[in-house]
Structure formats: C-alpha cells, structure tokens
Amino acid sequence: MVKYIFVTGGVLSGLGKGITTASIGLLLKGMGYSVTAIKIDPYVNVDAGTMNPYMHGEVFITDDGGETDLDIGHYERFLETSLSKEHNITTGKIYLEIITKERRGDYLGQTVQIIPHVTDEIKSKIREVAKKTSVDIVLVEIGGTVGDIEGLPFLEAARQMRLEEGPTNSVFVHVVLIPRLSSTGEFKTKPAQHSFQELRRIGIQPDVIVARSDSPIDSNVRKKLALFGNVGIDEVVNSYDVDPVYDVPRLLKEQGLDRALARKLALEYRDPDLGKWLDFVERYKKASKTVSIAMVGKYTALRDSYLSIIEALKHAGAYLGARPNLVWIESSDVEQGKVDPESSIESVDGAVILPGFGVRGVEGKIAVIKALREREKPVLGICFGLQLMVVEFARNVIGLNGAHTTEVDPNTPHPVVDLLESQKTVVARGGSMRLGALPIMIRKGTLAYRVYGAEVVYERHRHRYHINPQYLSKFEEFGFIVSGFSPEGYPEIMELTSQRFYFGTQAHPEFRSRPLNPSPVFVQFLRTALRG
Ligand code: GLN
C-alpha cells in the first residue's frame, strides 16, 4: 500500500521546502524504497508557464513538455528521475477540470462545492500519480504558507487523506522558519508557534517538524518547538543553511529524520545508502580550481530565474574539480550605458548567454556577445542566448545591417531568427510553445558530436522562434555552422569553428543535468573555460 508524506510550510514561503522534500525523498530512496514527489501550487494559473520568472523563479520544463514550478527541478535532481507534468498540481488545473466537467453535465443536479468536489479532485489527482508511478511513497509538498486562503482546499484534502489512508500511511512534515534577532543573536519560535496553531485549527497535527534557520539552533529551541508543536523531541530536526543544498540530506539524516519517518510510517528502517551522493558533495566542497563565469541576462536580480543553469554549472564544476564563480551581468544596465560591455567581461573565463523573452536588455546582451566573441572567450548560448548570438554574428560579421529576431523587431530587413512555422497560427499563450524533450540530430565531426558522443540526443525545449534556415548558407560560409538539427530541419545547435567553444543551443540542457550525471554541454563549456 502506498504511503504519503505531506510537507507544509509555516512563517513564510521560500523556506526551502522543496529542498527538504527532495532530501526526504533521497533518504527514503537510500533506504531502498521507491519514491516520487508532487508539488502543489495554490495559485490560479494553470501552470507556471504564464508567470514572470522575475516573480516566481524559473519555469522548469519536464520531458513531456510541462511548464512547472522550479521545485520539480529539485525533485528531479535529488531523486535522479524524470517527472511528468502531472507532478505539479495547481488551483488552476483543478478548477479547469471541475468547470469543464460541470459544463459537460457530469455533476448534473448537484451544487458543485469546494468540499467535496474540489477536495475530491485534488485527492484524485494525487492518487492518480501514486497509481501511475506505483511507488512505495509519494511526497506531496504544499506550496505557500499555512494560513494562506488559497492553500486551504489543498490542506483540507490532505487532512481527509490522512483520515482515509490511516495514520501509518500518511505523515505531516511541517517546515518552519526560526528567525534570529540580529541585535541579540536569539532564535525566536513565536512565528513557528503561530503556524502550529494555524495547522491545528484546520485539523492537522504535524508528525515531524523541520526547523529552518541560518545557523544551528540549540537544544532549548528544539525543546520549545517540540512542546508547542506537540511532537517528541526526536521529531524535531534542524535544517540550517548549508552549501551546497545537496548536503541537506546528510544533515537531516544525522539528526535522525530518516528514523523518525520510518517510525511514523511503520516502515522497516534500513540505513540509507547515500554513497555516491556524499562523494559528489565532497567533490563539490573540495573543488579547488576557480573559474569565473559571466551570466548575461535580464532577470539577474532574482537568481532563481536561472536556477537550473546555476545548478548545472555546479554539477559540471564538481565533476571537473572546479568551483564556478558567477559574475552577473544585467543586460539592461549594459543597454542603458551603466555597464561597459568590454570591461564587464574582461576578467571572466567564459560566459553563459541566458535564455529569455522580449525586448528589454536585448541590445545590451548583443553588445556583451560581441565583446566575448571578439576576445574568443568560451561562450554557451541557451535558447534566446543562441538566437542573439546569431543576430550579433549576422550584423557584425556577415554585415547584415539591422538583422534581428522578429520577436524584437517584426520589421527587420534580415529576420535571421523568426517564428517557427508551427507557431504562426497559435493565438493562446498558455502551454503553446514548442515544449519538452525533442530529438536533435547531431552532425558528425563537429564539437557538438564530441560533446554528446551520439548521433541523436534528446534535450528539453521551450521556444516559439528559431534560426531562420534561409540564412544558413551565409552563416556556414563564415564558419558559424549548424551542428545539430531538429527532425524537421530546424537548426538546433550552432558553433563557431574558428573558436574553441562558441556554442549555442536552442534547447535547455540544464534541465537534464544531475549532480551524479552532469550535462555534457556544461562540462565541455567549463572544461574549456578552465583552460583559460
Ligand atoms: N524568446 C525565445 C523564443 O521564444 C527564446 C525562448 C527561451 O530562451 N527559452 O524562441
């Protein structure tokens, strides 16, 4: 029989519930149980795809083309598995389903209500994942904070599931922030106490408490949390800030979270085998070489916007024994003349041209790309990054004045990047891009072939525009060749033959990079940057 672990959060959001959930998953997996994870996002958007990454963080793309919350990325990286879009449940998805059913007449004669209709739909979506994956344990992380109005139906559904599944088949893990006053250095549990009360008010008693803090809490704080949270002292664990976050499973295990969960779920306890995982963490910590990488984009104020890219660089870094030092270049600042493109990249060993959409910062990005190309720095362009490398090359090397992507300039005389044929009739914005894992045919004898070592590879995509095939012969003439094609013949990967690593991809290799299995694209990029 499948068991459920519900992870809730108190005090504030952005606590690292996703990392906690993923870490619990890794511990249980290490015990030999099969595990999967679901993220619940109580917002009304159907998926994260229509949200600004500046507010919400990166949109994580799954193999099946889901535009999901970035926590799905944490689960994939920690659990070393690929999840489908069904693992991200939103209020929007639930209501869309219910309203479609209501209009179809499925509830004919009934009054459609939050309880039972909405809660039933939520429970059935969770159980569907359990059934499809046929795992031993399903982790369900409920986004937001206890007490949020929009989270209530999900918490109510979780409360009902506890009743229906039985206490040893469902546990509640409550993650709370324990802030520390800077004036006295004292940890405060009051906000956590309020969140316990809020949980109890809606009928949920936590089984385990994870206390998040910036540094280790003392035993008095722990006792207080146990007392007010109404749990045993062994059921309180402290997850303080560690670097990298991949070290959290070890931290939680050392404090007996694995034992506490096994006890609560009446599971046979086996010492989790984290061997390879711990080796990776050690490699990361011991990495002695430094490599300075420019991150060129327009959402640089919120690093979560580029989370998977940052993680992919860490994975590749640990593999090569190097610690990437990221130098953020805000393309809007370059555009407005606040930052000089030449000097911004002077001391970096390489640069990632980040993905993105829209007009803001584009000319700034192009100016930085030009400086990088002229100095022959290793460059990795991702999606919009590649597209702008193509624009820069068209203008400054081939001499196509005014060349642009039609996304930014619909009237450009040289549309070197243009809307995909399949996108020309698309009107709706949600879930309508070219999405998910798609094949790329790699041309033999190219850098791309050396990187991947295969003729066909699958990478995840999220775009509407593509490199215009009409200009390819011009690009190839100047040595900027296409080394990967889509089955329809669209350019997927381009590289400049005269340089060691001037490489752009329409896909997002970062989404498939894992700590124990780094993306070969990021490894080769970093390896070249390390050579200096
Ligand atoms: N805006 C570009 C497109 O839609 C690039 C998207 C991206 O970088 N993910 O094609």
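The values are calculated or read from the model by the stated rules, or taken from the named source; none is laboratory data. Note that this is a predicted model, so its numbers are computed, not measured. Here the Cβ positions follow ideal geometry from the backbone for every residue, glycine too, while neighbour counts run over all protein chains shown. Only protein heavy atoms, including side chains, enter the accessible area calculation; ligands, DNA and RNA are left aside. Shrake-Rupley method; radii C 1.70, N 1.55, O 1.52, S 1.80 Å.
Below are the figures for this structure:
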read-out: Residue in segment 485-501 that is nearest to Q423 (Cα to Cα), counting only those that are open to solvent by less than 60 Å² (accessible area, probe 1.4 Å) and within 16 Å of the ligand (Cβ to nearest atom); value: Y490
read-out: Selection count where residues are more than 18 Å from the chain's Cα centre (by Cα) and either at pLDDT 95 or above or at positive phi (or both), scope segment 290-312; value: 5
read-out: Residue match in segment 327-340 (condition: more than 20 Å from Y54 (Cα to Cα) and within 16 Å of the ligand (Cβ to nearest atom)); value: no
read-out: Residue count, segment 383-414 (criterion: open to solvent by 30 Å² or more (accessible area, probe 1.4 Å) and away from the ligand (no atom under 12 Å from the Cβ)); value: 11
read-out: Segment 127-145 - residue that is among the β-branched types (V, I, T) and under 17 Å from Y43 (Cα atoms) and, of those, most open to solvent (accessible area, probe 1.4 Å); value: T145
read-out: Qualifying residue in segment 38-46 (condition: in contact (Cβ under 8 Å) with a residue 24 or more places away in the chain, part of a strand (DSSP E or B), of a type in the set (A, V, I, L, M, F, W, C) and open to solvent by less than 10 Å² (accessible area, probe 1.4 Å)); value: yes
read-out: Residue match in segment 313-331 (condition: open to solvent by 30 Å² or more (accessible area, probe 1.4 Å), polar (S, T, N, Q) and without any contact (Cβ under 8 Å) to a residue 40 or more places away in the chain); value: yes
read-out: Residues of segment 354-382 satisfying the condition of being open to solvent by 30 Å² or more (accessible area, probe 1.4 Å), more than 14 Å from the ligand (Cβ to nearest atom) and over 20 Å from E495 (Cα atoms); value: E363
read-out: Candidates E459, E455, filtered to the one that is within 15 Å of the ligand (Cβ to nearest atom) and among the acidic types (D, E); value: E459
read-out: Residues located in segment 173-192, provided they are part of a loop (DSSP other than H, G, I, E, B) and out of contact with any Phe, Trp or Tyr (no Cβ under 9 Å at 6 or more places or on another chain); value: S182, S183, T184, G185, E186, K188
read-out: Total residues in segment 420-452, condition within 14 Å of the ligand (Cβ to nearest atom) and open to solvent by 70 Å² or more (accessible area, probe 1.4 Å); value: 4
